[in-house]
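Have a look at the structure below before the remarks.
The values are calculated or read from the model by the stated rules, or taken from the named source; none is laboratory data. Since we're looking at a predicted model, the values are computed, not measured. Cβ placement follows ideal geometry from the backbone for every residue including glycine, while neighbour counts extend to all protein chains displayed. For accessibility, only protein heavy atoms count, side chains too; no ligands or nucleic acids. Shrake-Rupley method; radii C 1.70, N 1.55, O 1.52, S 1.80 Å.
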Amino acid sequence: MSKERDEYLFLTGALDEALVRVSPAPDYLSWIQQVRQIACWANILRLNDAEAICQRWSASGVNAGPADARLIRDAIRVQSLEKLNHFAMAGTLLRDSGITTEIRAGRFGHRQPSHEDQARREAQRLQLQADREEALQASERQRQKASLTAVSLYNKANLDPHQSPYWQAKCSAAALPLPLQNDVRSANWRTYEKDAPGGVVYWNAALIVPLYRATGVGQIGMNTVELICGRPNPATALSFTGAKRGLKNAERSGCFYPIGLDKAEDGQPLVVCEGFASGVALSVITGGALPVICAMSCGNFKAVIGEISILCPSSPVFIVGDVGAGHQAAQAIAAKINRTPVYAVDLEPCLPEQDGADPFDLLARHGVENSRTLLRSLFREAAVGRDGTLSGPSSSDASDNI
């Protein structure tokens with residue numbers, strides 16, 4: 001795309017006009033591509049509501065497509081968009097809308113579709129609706145199959161998780177025996193890697209961490225599992241002690257691993273972190289005083305907070321993200337959610353210049369007692385950063401309980 005057309009993307013009203021003018025998607029895959037083009041353009045403009053823009057556009061009938069939130073969310077998830085050239089994608093939408101000539105002439109205008117256009121769009125809408133329903137049914141079948149696989153793998157696990165090389169290495173790094181809850185299991189697992197000899201890698205003595213979702217107020221149910229490699233055979237670039245993987249087609253959005261959730265009381269603080277080891281470390285540091293929720297990735301923070309709000313609607317949430325991207329994600333969420341307070345706890349002052357460092361690194365570097373003192377201070381700083389005061393009950397209770 002030319003530099004001139006790159007500049008067109010930033011013109012006021014260009015995106016809105018393109019959404020009105022773009023031709024309807026001829027098939028389901030083309031609709032997905034258009035959704036991604038819109039999301040890329042919205043990201044270039046640094047708009048925070050790309051998903052909402054896509055849903056409004058899809059529901060408007062201009063594109064003759066469905067406004068299914070799940071399909072749109074899957075299409076524009078961060079992992080999908082970060083691989084794309086945003087300017088090229090947005091430029092394609094600009095080109096296909098046919099407004100480049102009018103932009104050069106300095107004029108915009110909405111064009112009313114003809115009767116033929118309306119009939120064509122209605123036919124395409126019906127076809128896309130059928131494609132959508134088929135895609136949703138196939139996706140649901142895959143999720144159900146993955147859920148059954150998770151239950152089977154979990155129920156058959158019969159190894160001692162404390163003997164997993166991964167967990168023994170964590171205990172050695174922390175210089176103390178770290179606790180494991182009774183629902184964590186261990187088993188040997190076979191996975192597939194394209195570049196592995198024979199395409200098969202065995203994850204021996206892998207930890208099997210059950211992931212849950214809220215099923216009602218104060219109730220959770222297992223949804224899937226995360227596997228953490230104990231001893232790979234053979235070791236590859238993707239399979240090594242500590243490598244993590246979920247089951248193919250499993251629903252992971254909103255899934256979490258809780259520690260001490262049985263002690264949670266609505267209105268009392270909850271702690272959210274990324275990985276499983278981070279959650280164990282935070283529980284050890286706080287002496288189990290605060291329930292800890294492992295989101296398994298910073299990209300899952302928002303969905304997990306939505307899940308735990310079902311369990312404890314009035315509880316303030318303290319997000320302890322990994323240094324760097326994790327904390328940035330936590331800050332973005334804390335700035336947007338106003339229903340209940342959400343605080344972003346920054347570990348960087350205690351782990352300087354260690355991008356990606358997490359609560360386990362805090363424990364391993366500073367020990368339990370020093371980490372507890374540091375974390376108490378970091379919680380208070382997070383409260384001051386958001387509220388400008390320590391007078392609120394949520395912020396003071398959280399730091400005092402550590």
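Here are the numbers for this structure:
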quantity	calculated
J(HN,Hα) series, region 354-367, from Karplus relation 6.51 cos²θ - 1.76 cosθ + 1.60, nearest Hz, glycine and proline x	10, 4, x, 5, 10, x, 5, 5, 4, 5, 5, 7, 10, x
For region 186-265, projected area of the alpha-carbon convex hull averaged over all directions, nm²	6.1
Label-point separation in nm, THR12 to ARG190, each point 7 Å along Cα→Cβ	6.4
The chain, accessible surface, carbon-and-sulfur percent (1.4 angstrom probe)	49
Per residue Cα convex hull volume in Å³ - calculated over the chain	170
Where region 1-50 is the region considered: accessible area per residue in Å², 1.4 Å probe	49
ASN204 long-range amide H proximity, modeled H, under 5 Å	TRP189, GLY230, ARG231, ASN233
Ranking by accessible area, most exposed first, for LEU9, LEU29, LEU153 with a 1.4 Å probe	LEU29, LEU153, LEU9
Over region 215-332: Kirkwood hydrodynamic radius from C-alpha pairwise inverse distances, Å	15.0
Potential extension, ASN158-ALA105 segment - 0.36 nm per residue separation minus Cα distance	11.9 nm
Computed accessible area, LYS145, all protein chains, 1.4 angstrom probe, square angstrom	150
Listed residue (GLY306, THR241, VAL284) projecting farthest to the positive dipole end of region 230-353, Cβ model	THR241
For region 12-29, Karplus couplings with θ = phi - 60° (6.51, -1.76, 1.60), whole Hz, Gly/Pro x	4, x, 5, 5, 4, 5, 5, 5, 6, 8, 4, 5, x, 5, x, 7, 5, 5
Distant-in-sequence amide H partners of THR224 (H built 1.01 Å from N, under 5 Å)	LEU211
Rounded accessible area of VAL280 (nearest 10 Å², 1.4 Å probe)	10
With all protein chains modelled, accessible area of THR236 [1.4 Å, Å²]	30
